[in-house]
Amino acid sequence: MAIATVNPATGETLKTFDAFNVGEIEERLYRAHSAFQDFRRTDFAQRSALLNRAADLLEADQDDIARTMTTEMGKTLVSARAEAAKCVKAMRWYAEHAAEQLADEHPAPGDVQDSGAARAYVRYRPLGTILAVMPWNFPLWQVVRFAAPALMAGNTALLKHASNVPQTALYLEDLFRRAGYPEGAFQTLLVGSAAVEGILRDERVVAATLTGSEVAGRSVASVAGDEVKKTVLELGGSDPYVVLPSADLDKAVRTAVTARVQNAGQSCIAAKRFIVHTDVFDEFAARFVDRMSTLTVGDPMAEATDVGPLSSSQGRSDLEELVDDATRRGAAALCGGQRPPLLEHGWFYEPTVLTGITEEMRIHREETFGPVATLYRVADVDEAVTLANDTSFGLSSNAWTRDAAEQERLTRDLQAGGIFFNGMTASHPGLPFGGVKRSGYGRELAGHGIREFCNATTVWFGPEQ
Ligand code: NAP
């Protein structure tokens with residue numbers, strides 16, 4: 001894929017970039033590795049000061065970087081500003097909490113005595129240079145939620161961002177440089193995906209994190225496995241949204257729309273499969289379709305727009321194929337199911353609700369990365385759980401019920417990295433984020449996230465000392 005800024009709202013190519021050559025990559029690997037030798041010795045107070053400074057700069061740049069993101073990948077300007085603000089918060093949160101999250105751990109004396117130690121503890125030390133392969137859908141947030149903890153832990157970072165968001169990628173490098181990080185602590189590599197293997201095999205890169213598709217995740221994990229290097233994978237999702245009779249239907253419907261069309265539906269944790277109890281199905285369906293069909297689709301720079309374009313022509317074709325396959329096999333579009341007739345340019349798609357989904361339809365198994373919801377009717381909680389788990393993904397899940405026994409049952413049985421009751425899945429700095437099954441492994445955010453790229457070192461002292 002060419003490294004370029006192409007405006008999804010118009011299809012116009014605005015700027016192209018040459019990929020780095022071998023020498024330019026080598027230079028950055030050298031710098032990242034050298035920077036680590038000193039950066040790992042800095043203390044938490046020094047790292048906090050740097051990250052807080054980066055947060056302040058980002059806060060001041062919020063409007064400009066939001067425009068860049070909207071121009072590069074089509075998210076609404078309103079949501080781009082909110083994304084930048086979320087990054088500022090997460091940076092400040094890690095600046096404040098990293099020291100306590102990575103404080104030495106002292107096992108109970110009884111546990112240590114058996115090992116013959118006078119004392120022993122666990123120290124979380126940084127690993128080294130981490131490669132981050134990142135997607136375009138939340139071009140600032142995906143990077144920050146990796147970089148803030150990784151840098152607070154004392155690691156250095158190399159970012160290979162998606163090829164359609166090069167200006168956001170370069171902005172991030174510049175942000176950390178302006179904040180005063182040492183040269184090489186955070187660098188952007190303008191490279192295509194074919195260059196990832198060579199970089200990951202370089203001995204100066206010690207681990208990798210990838211957020212993206214299953215195909216990309218499998219490729220990076222297999223190279224890393226061959227090199228025995230740690231990976232964290234945040235891959236696709238097809239999150240269920242279960243609605244049971246005790247739900248507050250009004251809130252469940254309003255939240256369902258946001259949960260499906262946020263970021264024009266291009267979110268790994270978007271609710272994608274709406275699984276509704278038969279007692280409330282008709283009412284939920286009518287209200288959901290009504291709201292989905294009255295959303296404003298159009299110019300992402302306009303404040304009133306709810307749904308902007310998809311990020312690429314290919315992304316829209318992929319979505320169209322899934323919808324066409326489903327309708328050919330008998331699914332019914334209760335709304336949408338096509339490109340908006342009045343928006344000729346750009347990669348827009350109407351918010352769509354499909355029902356009558358059967359197992360042989362591709363859409364039943366594959367991730368819909370766009371504003372298309374599938375709606376299922378179920379007879380009871382058992383059927384809801386079976387259907388919710390009938391997917392190779394396991395990122396997060398949403399359930400609407402006020403019944404405590406049902407909540408307990410769903411917490412026990414839903415196969416996902418998160419279960420959000422009476423609200424929608426979202427990521428928060430203080431809560432771990434990640435999936436099971438083919439949605440990946442490892443966790444980002446909270447204490448779990450910062451410890452992924454640390455060496456949990458056992459420090460043991462014999463009786464003589
Ligand atoms: P993608 O094609 O996998 O791209 C993501 C990143 O991986 C890009 O930087 C891409 O580079 C790179 N890449 C692609 N193929 C690669 C390969 N074979 N080896 C190494 N790197 C490779 O993903 P996408 O389709 O743009 O993004 C959407 C996917 O990401 C969806 O499945 C979504 O659910 C998932 N996602 C998951 C999370 C999560 O937290 N779980 C969050 C956001 C998105 P190029 O751009 O140069 O191809």
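The values are calculated or read from the model by the stated rules, or taken from the named source; none is laboratory data. The structure displayed is predicted, hence computed values, not measured ones. Note that each Cβ is placed from the backbone with ideal geometry, even for glycine, and that neighbours are counted across all protein chains shown.
Does the range 133-143 include one or more residues that are among the β-branched types (V, I, T), closer than 20 Å to Q62 by Cβ and under 16 Å from the mean Cα position of the chain (by Cα)?
Within the range 133-143, one or more residues are among the β-branched types (V, I, T), closer than 20 Å to Q62 by Cβ and under 16 Å from the mean Cα position of the chain (by Cα).
I'd like the full set of residues that are in a helix (DSSP H, G or I) and either without any contact (Cβ under 8 Å) to a residue 40 or more places away in the chain or within 24 Å of the chain's Cα centre (by Cα) (or both), limited to the range 388-441.
Once the filter is applied, which keeps residues that are in a helix (DSSP H, G or I) and either without any contact (Cβ under 8 Å) to a residue 40 or more places away in the chain or within 24 Å of the chain's Cα centre (by Cα) (or both), the range 388-441 yields A388, A404, A405, Q407, E408, R409, L410, T411, R412, D413.
Applying the selection to the range 50-92, what residues are part of a helix (DSSP H, G or I) and of a type in the set (S, T, Y)?
T68, T70, T71, S79
Restricting attention to the range 256-292, which residues are among the β-branched types (V, I, T) and within 24 Å of W136 (Cα to Cα)?
If the condition is that a residue be among the β-branched types (V, I, T) and within 24 Å of W136 (Cα to Cα), then V257, T258, V261, I269 are the ones that fit.
Just for the range 1-31: of the residues that are touching a Lys or Arg at 6+ places or on another chain (Cβ under 8 Å) and either away from the ligand (no atom under 16 Å from the Cβ) or basic (K, R) (or both), which one is nearest to Q167 (Cα to Cα)?
Restricting attention to the range 1-31, the residues satisfying the condition of being touching a Lys or Arg at 6+ places or on another chain (Cβ under 8 Å) are 4-5, 20, 29-30.
From the residues that got through so far, the ones that are either away from the ligand (no atom under 16 Å from the Cβ) or basic (K, R) (or both) too are 29-30.
Details: L29: 21, Y30: 23 Å.
For the range 1-31, the residue satisfying everything is L29.
Can you tell me which residues in the range 221-242 are within 11 Å of the ligand (Cβ to nearest atom) and in contact with a strand residue (DSSP E or B) (Cβ under 7 Å, 6 or more places away or on another chain)?
If the condition is that a residue be within 11 Å of the ligand (Cβ to nearest atom) and in contact with a strand residue (DSSP E or B) (Cβ under 7 Å, 6 or more places away or on another chain), then A221, A224, V232, L233, E234, L235, G236, G237, S238, D239 are the ones that fit.
Is at least one residue of the range 126-141 assigned to a helix (DSSP H, G or I), of a type outside the set (S, T, N, Q) and within 16 Å of the ligand (Cβ to nearest atom)? Steps first, answer last, please.
Let us first name the residues in the range 126-141 that are assigned to a helix (DSSP H, G or I), namely 141.
Those left that are additionally of a type outside the set (S, T, N, Q): 141.
With the extra rule that they be within 16 Å of the ligand (Cβ to nearest atom), the set shrinks to 141.
Yes, the range 126-141 contains at least one residue that is assigned to a helix (DSSP H, G or I), of a type outside the set (S, T, N, Q) and within 16 Å of the ligand (Cβ to nearest atom).
Looking at N164, is it surrounded by 21 or more Cβ atoms within 10 Å (Cβ to Cβ), modelled with pLDDT of 95 or more and more than 8 Å from the ligand (Cβ to nearest atom)?
No; evaluated as a whole, the condition is false for this residue.
Quick one: which helices (runs of 4 or more DSSP H) sit completely within the range 277-383 and have at least 3 residues that are crowded, with 17+ Cβ neighbours inside 10 Å and either at pLDDT below 95 or among the aromatic types (F, W, Y) (or both)?
Counting at least 3 such residues, we get 278-293.
Tell me the residue from G23, G74 that is free of Cβ contacts under 8 Å to residues at least 60 places away in the same chain and of a type in the set (G, A, S), please. Before you say what the answer is, go through the steps one by one.
On the way: G74 fails: free of Cβ contacts under 8 Å to residues at least 60 places away in the same chain.
Matching residue, one of G23, G74: G23.
Would you mind telling me which numbered condition in (1) of a type in the set (G, A, S); (2) under 30 Å from A118 (Cβ atoms); (3) in a helix (DSSP H, G or I) G449 fails?
It fails just one condition, (2).
Would you mention how many residues in the range 187-224 are under 17 Å from the mean Cα position of the chain (by Cα) and either assigned to a strand (DSSP E or B) or charged (D, E, K, R) (or both)?
6
Collect the residues in the range 384-427 that are of a type in the set (S, T, Y) and surrounded by fewer than 17 Cβ atoms within 10 Å (Cβ to Cβ), keeping them in residue-number order.
Residues satisfying the conditions are T386, S392, T411.
Within the range 197-215, which residues are within 7 Å of the ligand (Cβ to nearest atom) and β-branched (V, I, T)?
T211, V215
Taking R204, is it touching a residue at least 40 places away in the same chain (Cβ under 8 Å) and farther than 30 Å from R291 by Cα?
Working: touching a residue at least 40 places away in the same chain (Cβ under 8 Å): yes; farther than 30 Å from R291 by Cα: yes.
Criteria met by R204.
Give the residues of the range 277-320 that are without any contact (Cβ under 8 Å) to a residue 12 or more places away in the chain and under 27 Å from E359 (Cβ atoms), sorted by residue number.
If the condition is that a residue be without any contact (Cβ under 8 Å) to a residue 12 or more places away in the chain and under 27 Å from E359 (Cβ atoms), then D282, A286, Q314, S317 are the ones that fit.
Are there any pairs with C-beta distances below 9 angstrom linking a residue in the range 1-19 that is within 23 Å of E344 (Cβ to Cβ) to a residue that is within 16 Å of the ligand (Cβ to nearest atom) and of a type in the set (D, E), with the two at least 6 apart or on different chains, and if so which?
Listed by first residue and then by second, the contacts come to T5/E72; V6/E72; N7/E72; P8/E72; L14/E72.
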